[in-house]
Structure formats: structure tokens, C-alpha cells
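Data first, discussion second: the structure below is written as C-alpha cells.
The values are calculated or read from the model by the stated rules, or taken from the named source; none is laboratory data. Remember, it's a predicted structure, so these values are computed and weren't measured experimentally. As a convention, Cβ positions derive from the backbone with ideal geometry for all residues, glycine included, and neighbour counts pool all protein chains shown. Protein only, heavy atoms only, side chains kept; ligands, DNA and RNA dropped before computing areas. Shrake-Rupley method; radii C 1.70, N 1.55, O 1.52, S 1.80 Å.
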Amino acid sequence: MMRTSLDQGTSDVSDQQGGVRTRTRAAIDAPHLRTDRWWLAPAATAAGLLAFIVYSTWRAFANADYYAAPYVSPFYSPCLAENCDAMRAGPNWDLFGGWWGISPAIIILIFPLGFRLTCYYYRKAYYRGFWASPPACAVAEPHKKYTGETRFPLVLQNIHRYFFYAAIVVAGILTYDTVLAFRDEHYEWGHMGLGTLVFLVNIVLIWAYTISCHSCRHIVGGKLKHFSRHPVRYRMWQWVGKLNARHMLLAWASLVSVALADFYVYLVASGAFDDPRLF
Amino acid sequence: MSGYTAQFKVWRGDVQGGGLEDFKVEVNEGEVVLDIIHRIQATQAPDLAVRWNCKAGKCGSCSAEINGRPRLLCMTRMSVFTPEETITVTPLRAFPVVRDLVTDVGFNYTKAREVPAFVPPEKLAAGEYRMMQEDVDRSQEFRKCIECFLCQDTCHVVRDHEENKTAFAGPRFLMRVAELDMHPLDAAAEAGLDRKQTAQDEHGLGYCNITKCCTEVCPEGIKITDNALIPLKERAVDRKYDPLVWLGSKIRRRSS
């Protein structure tokens, strides 16, 4: 046995601070003793979310190249201002009139943004990735105080279910857009292009992510005390529960797919790429 | 794998201070970290304090931190480490240290007492309780808890903020509240106790920011966050933040 003068792990209790260095706890200076690559997951999460934020901000404010018949970018659907591109039988509704001068995407994106911002998975992702609260399990966080979701503004996370209701409507409209994608550029029905496939994959992932939401799980059956009295809701709760177990995977897959669907429309609308027609 | 000599750093000391001590110790095939701690105790440091009991991952006594991660000493196989690796073992860092690897987990017993117990239904005598399996499935998952308090130890709400210990019950006891609120025969509501409301107001559910560390460390594999804490948050929303549910509860009073 060797007693060492320790590079990490020893301290005089008198100079300790709070948290894991609280006076009564084991005197260890290091904020954590993890030896694995604990920083990789929060760093990758932050990088992935940042990439999406940069891309979606550019596209949302661009106000251009978001419609190429029969495809409309999911960022601009439904298009609710007078300055929208004309979309034949498309998701146009001049609800905001002519006074809306900036990109019409801003009107609608607030709902999917709010849904994802208050989502229980994304909360974990950005609390860890951006706010380091905590950066990883058993790794000390840098903040002196912590009140969690007890106060404004984070107490607003509790309105997640209202964004879920809005997300259902938005997913319904994107489903309509996917149906419209079975036309060709002359609005003839019964056609399909590569973009139709991109839209199909995207809408399946959007619905899977939306339905797998924790609030949805609660609403369909989780709030019940007696499943035996509500067999249909119990069955629905079980189905949603199976999807819910993959909520993180679906959150990322649908985030990527919605960006890809938008990028596809951008390429076609800007003339950089011709949509290959399958039939 | 035949035997080899491993490098260990084990925290030794008490509330007055302490530090990591180096040990070189023999490791044999099939052993767990608790075996090595016992070997150190038997051959090099007979006064090394460690709390343990079943050596089978069922009593929840030997909780500690191995290479900085909260784990059970008896359920951590030595085969997950390379022979060259130095293995650091410290006591739980969220609780006051007693000596060496033993901590005072009394905080958890205080919090356990703050959760009102199961309220028996009025018209049923003992022996007359009948429940459908699908109604108790959720609560039964939570009953797998062995009270090792690894989830309490890793939760940053109290681990990194000692001052929150008064207001926050921690994942283990919020899971207990969820278990009782989902229990088909718990008559707390009829007795005037709203567990959905008290979860937020008295047990500090709002402090939880659902970063899932409790789920990550649970040796029983209980999905604490997804199956207990988030459903409990949604139930608290029903009571406190959803005007539609509140209105519905005023119009139609029916047990679900």
C-alpha cells in the first residue's frame, strides 16, 4: 500500500465550496472523476442542434425558393400571408393579409419550434448541450444556483401539450402537402418524383415523432388510474409507449428529414437540381 | 483471462478530510469491484470502511462511485476495465461522508417520510383488495427499486446544489409519489390529498429538468424519467397549468 500526495482528490475541508465540494462530503477537489469521453454526447448534440438552427434560420428568413410545383417546403407550409408564392390547390391561406412584410415562414414555424423547444427530449438535449445543467451525469455543473423549471421562463415548459395540439395540425397540413406531391409540375394527378419519396419519408417521421410525444402518451391514456376500465385507451397508450421509447431517435430523424425535405425543395426551386420523375 | 495486478485509487478519510490512496491488488477472472475492495480490506487496509450486504445487486448497500460514475460495487465486473486502467473508487459525492466509502444517506430517509403513505380505500377491508394486472403494471416497475440511492446521488439538483435538499425529494421519492398516484386503490384524493398537486408544491417536481441521469444509473433498469417523472409532470400540469383540464374537472367529476 502506498499513501500518495494526490494530484486529484485531496483537499483541506476548510477551503471547500458548494455542490460536490460541500464541507461535509468526501473531500475531493476534482469536479468529477469520470475517465470516459463524457463530453462527446453533449458536444455532438450541441453541434447537431446548432447546425439545424443555422440552416433553418437562413431558410426561414430567405423568403425565396420554397415552392417548385408540386412541392412546397415544410418550412413554409401553410403559407399564411399575402406575399406567399402562388400554390395551386396548395396550403395557401391569406390570413395575415398584406401588412406582413417579412418571410411568411416565421408565422408558422413558431409552432413546430415551440413543440420541439418544450419537448421532453430536446429539453434534456439542450440543458446538457448548451446550458451544462448538467453537462453529463455526475459531472459538476458550473452554475452556482439552480431552480430548474420552477420559475419563469422555464416554468413555461409546462405548456408543451398545447404545442403538441398545434403540431398535430401542422403534421396534418404537411400530410396534405405530401398528397399534393403525387401530382406533376403541371398539376396532373397520379405522378411521383424523387421529391414525393422525400416528402413521404419526412411525413412518416414527423408523425412518428409527434405521436411519440410524452404529452400525447399522457393524453391518450397515461393520465388514467384504471386502465382496465378503458381498454381502447390502454391499447393506444401501449402503442404510443412503444414509439415513446424511441422518442430521441425520432426527434433527430424527423429534424434531419424536415431539413432535407426543405433543402430538396430549395434545390429544385432554385434550378440547381431537376426533380427526377418516377412516373 | 488469468489473474493480474490492478491499480486502484480508493478514497479514504472522514468528514475532517481525506484523499485517494493507491493500491496494487490482485484481480482474478469473474470478480467484481466489491471483491477487490474486500481483498484490499483483507490484505492491505483492514480498517477500510465499506457498506455491503447481499453481493447480488438486490440490497442496494454497496453504492459508490467507480471512475466517477455512480454504480453498485457488487454489480460492476472487473472485466469492463482493461488491466492497465487505474480504477478510482470514491464514496457517493452527494451525501455527507462517514468514513472511507461509507456515506450518511439519512437525507433519503427524511425524504421518504415526507411522502404520505398509501391511503386505504374506505369500503374495503384487508384481504378484499382486488386489482387488475394492467392497473398495477406501472406501479410494479417502480417497486423494483432497491433503494441504492444512486439516482439520488447522481441527480444534479441536489448533488451540485446542497441548498436544494430541503425543497427537492429527488427522483427516487418522486417516483414513489408517481407510484401511489397511479395505484388503482390509493384513496388519497378521496381523503383530500392531491398527490399531483403536492408533487409540485411539496416535493419539488419542478426542479427536475429531466436530464435522465437517474435512469442512466439505475441498476434495476427502471425507466425513472420516462415512466415516473415525466408522467408525474404531466399530471401536475393537469392540476396547475392546463385551464382546459381544470375546466373539465369542474364540469365533470368522475374517477378515471
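At a 1.4 Å probe radius, carbon and sulfur cover how many percent of the accessible area of the range B:106-251? Kindly include the intermediate steps, with their values, before the conclusion.
On the way: 3280 of 6010 Å².
Carbon plus sulfur share of accessible area: 55 percent.
In Å², rounded to the nearest 100, what is the total accessible surface buried by chains B and A against each other with a 1.4 Å probe?
On the way: alone 13810 and 16310 Å², together 24070 Å².
Rounded to the nearest hundred, the buried surface is 6100 Å².
Let me confirm one metric for peptide A:149-161, namely the mean number of other chain beta-carbon atoms within 10 Å of its residues' beta-carbons.
What the average comes to for A:149-161 is 4.
Could you give the dipole magnitude of the protein assembly as shown about its Cα centre, charging the beta-carbon of Lys and Arg +1 and that of Asp and Glu -1, in debye to the nearest 20? Kindly include the intermediate steps, with their values, before the conclusion.
Numbers: 61 positive and 56 negative charges, 296 e Å.
Roughly 1420 debye for the protein assembly as shown.
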Taking a probe of 1.4 Å, how large is the accessible area per residue of the range B:81-232, in Å²? 38
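Rolling a 1.4 angstrom probe over the protein heavy atoms, how many square angstrom per residue are accessible across chain A?
On the way: 13270 Å² over 279 residues.
Per-residue value: 48 Å².
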Using a simple spin-label model with points 7 Å from Cα along the Cα→Cβ vector, what separation in nm is obtained for B:Tyr4 and A:Trp58? 4.8
Amide H contacts under 5 Å for A:Arg183, placed H, 5+ residues apart: A:His191
Between the range A:170-208 and the range B:55-77, how far is it from one alpha carbon centroid to the other, in angstrom? 52
Which of the residues in the range B:178-217 lose at least 50 Å² of accessible area when you go from the chain alone to all protein chains together (probe 1.4 Å)? B:Tyr207, B:Asn209, B:Ile210, B:Thr211
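Under a point-charge model restricted to the Cβ atoms of Lys and Arg (+1) and Asp and Glu (-1), what is the dipole moment magnitude of chain A relative to its Cα centre, in debye to the nearest 20?
Numbers: 26 positive and 18 negative charges, 382 e Å.
In debye, rounded to 20, chain A gives about 1840.
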